[in-house]
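The values are calculated or read from the model by the stated rules, or taken from the named source; none is laboratory data. Note that the structure is predicted; figures quoted are calculated from it, not measured. Neighbour counts run over all protein chains shown; Cβ positions are idealised from the backbone, glycine included.
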Amino acid sequence: MAKKKIAVLPGDGIGNDVMEAAFIVLEQLKPDIEYEWGDIGWEFWKAEGDPLPDRTIELLRRTDACLFGAITSKPKEESQLELAPELQDKGLIYRSPIVRLRQMFDLYVNYRPCKAYKNNPLIYREGIDLHVFRENTEGLYSGVEFHPLPNDLREKMLEYNGNLHKFDSTDGGDIAVSCRVFSRKGCERIVRSAFEFARDKGYGSVAVVEKPNVIRETSGLMVREARRVAEDFPGIDLWETNVDAMCMWLLKNPHDYGVLVSSNMFGDIVSDLCAQLVGGLGFAASGSWGDGYALFEPTHGSAPKYFGLYKVNPIAMLLSVGLMLDYIGDGDRAKALESAIASVIAEGKCRTYDMGGSNTTIDVAKAVAAKL
Ligand code: IPM
Ligand code: MG
């Protein structure tokens, strides 16, 4: 394996705590990686008006993949208030850097494995093993939004779709519209990634999680593409499910499912549900990748109130490191790391507060490193 270059972006809040944990384990594993650290997060928004500075984008462009911690996102008004005085009134708008990165680098797969590790006191049931493939670049998170709804746009929309007439008595200033944009290519490639995974790992089905009975055009496109893709995978069944019912079924019979595929927002929601089935966000790792780049991060946010307390569970981060190692072709170290994590969980001697213990983030990372 040729030496790989990895961009390291701890971000802010507990992103720093869990990144420190990641490096305790990486220093023990010693993969053939050159690291380059970069800036991202809330402090760069406040000081520079951009949480994702250009220099960071350049850093990503010259590396093979990125290991990412967490960043703070706040609603529009609040983020304005925290800008440095000289940056106020410049029309700067905070947009989630992670969503921007996913779109900028076309990281269309968001892969979220949710596995119930033995002796984890937080799991819902033993043996749960779910793999969520969330479309990561389009859908409701495309950023095509309007408030107020401009009149000319409104008239144009009415020309094509009379359903908007039910808002005739509402002023455009009192209407907000967020567009759910799906492309055929976007649907095709996320479904195909899920099927390829199912084939490679020996799963007999892929469940597409949408709502085509109501959201006919977008969810409909996803399901129709899923049917086409499924034809290329004769041994694997396509299960067509509705997202609402699926949330119930996942709680009732989580063992019935293995590989799930969904659009951006439904996948965001369903993957949090799946994460909770296996212990919560402390266990939720993720990888986002496209054809040319990949980014690995724990699904949890930056939890600023815990920053620097070394209280939070680093397992989601450590599992994300494993996904990254696998992606760069170091499957052996990836497997060794997952076994070490599983064995620390199984022993139950070193646990952060969420698992009922009093160990620190760093203690857990050291316990994992000691198993390697
Ligand atoms: C996630 C998060 C992000 C998302 C937020 C922080 C933008 O919820 O990674 O699941 O919506 O994708
Ligand atoms: Mg989420």
Next item on the list: Go through (1) out of contact with any Ser or Thr (no Cβ under 7 Å at 6 or more places or on another chain); (2) farther than 27 Å from Lys5 by Cβ one by one and return the number of the condition Gly329 breaks.
Entry: (2)
Margin query: Quick check on this structure: which one of Pro51, Pro85, Pro75, Pro10 is in contact with a Phe, Trp or Tyr (Cβ under 7 Å, 6 or more places away or on another chain) and in the same structural domain as Tyr293 (by TED's automatic domain parsing)?
Written below: Pro51
Next item on the list: Please name all residue pairs, on different chains or six or more residues apart, with Cβ atoms under 9 Å, provided the first residue is in the stretch 84-106 and is farther than 18 Å from Ser73 by Cβ and the second residue is within 16 Å of ligand 1 (Cβ to nearest atom) and of a type in the set (Ser, Thr, Tyr).
Entry: Phe105/Ser288; Asp106/Thr137
Next item on the list: Starting from residues that are away from ligand 2 (no atom under 15 Å from the Cβ) and among the small types (Gly, Ala, Ser), keep the ones in the stretch 256-287 and report whichever is surrounded by the most Cβ atoms within 10 Å (Cβ to Cβ).
Entry: Gly279
Item checked: Residue tally, condition crowded, with 21+ Cβ neighbours inside 10 Å and more than 20 Å from Glu338 (Cα to Cα), over the stretch 106-132 -> 3
Checklist line | Subset of the stretch 312-341 (residues that are over 22 Å from the mean Cα position of the chain (by Cα), of a type outside the set (Ser, Thr, Tyr) and surrounded by fewer than 19 Cβ atoms within 10 Å (Cβ to Cβ)) | finding: Asp332, Ala336
Next item on the list: Please tell me if Gly290 is within 18 Å of Glu138 (Cβ to Cβ), in the same structural domain as Leu67 (by TED's automatic domain parsing) and either modelled with pLDDT of 95 or more or surrounded by fewer than 22 Cβ atoms within 10 Å (Cβ to Cβ) (or both).
Entry: yes
Check: Taking the stretch 33-91 only, how many residues are aliphatic (A, V, I, L, M), more than 20 Å from the chain's Cα centre (by Cα) and crowded, with 18+ Cβ neighbours inside 10 Å?
Finding: 3
Next item on the list: Look at Ala198 and say whether it is outside the structural domain of Ile345 (by TED's automatic domain parsing), farther than 17 Å from Leu140 by Cα and aliphatic (A, V, I, L, M).
Entry: yes
Margin query: Looking at the stretch 106-130 only, could you name the residues that are of a type outside the set (Lys, Arg) and within 16 Å of ligand 2 (Cβ to nearest atom)?
Written below: Leu107, Val109, Asn110, Tyr111, Pro113, Cys114, Leu130
Next item on the list: Tell me, yes or no, whether the stretch 187-196 has at least one residue that is touching a helix residue (DSSP H, G or I) at 6+ places or on another chain (Cβ under 6 Å) and over 21 Å from Ser288 (Cβ atoms).
Entry: no
Next item on the list: Look at Ser142 and say whether it is hydroxyl-bearing (Ser, Thr, Tyr) and free of Cβ contacts under 8 Å to residues at least 24 places away in the same chain.
Entry: no
Next item on the list: Consider Ala294 carefully, then state whether it is under 23 Å from Val18 (Cα atoms) and away from ligand 2 (no atom under 11 Å from the Cβ).
Entry: yes
Check: Restricting the first residue to the stretch 57-75 and requiring it to be of a type outside the set (Val, Ile, Thr), which pairs with a second residue that is within 16 Å of ligand 2 (Cβ to nearest atom) and part of a loop (DSSP other than H, G, I, E, B) meet a Cβ separation below 8 Å and a spacing of at least six or different chains?
Finding: Gly69/Ser302; Ala70/Gly13; Ala70/His300; Ala70/Gly301; Ala70/Ser302; Ala70/Ala303; Ser73/Ser96; Ser73/Gly301
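Return yes when Ala367 is assigned to a helix (DSSP H, G or I) and touching a residue at least 24 places away in the same chain (Cβ under 8 Å) and no when it is not.
Against the criterion (assigned to a helix (DSSP H, G or I) and touching a residue at least 24 places away in the same chain (Cβ under 8 Å)), Ala367 does not qualify.
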Checklist line | Members of the stretch 191-232 that are within 19 Å of Val109 (Cβ to Cβ), of a type in the set (A, V, I, L, M) and out of contact with any Pro (no Cβ under 6 Å at 6 or more places or on another chain) | finding: Val191, Ala194, Ala198, Val206, Ala207, Val208, Val209, Leu221, Met222, Ala226, Val229, Ala230
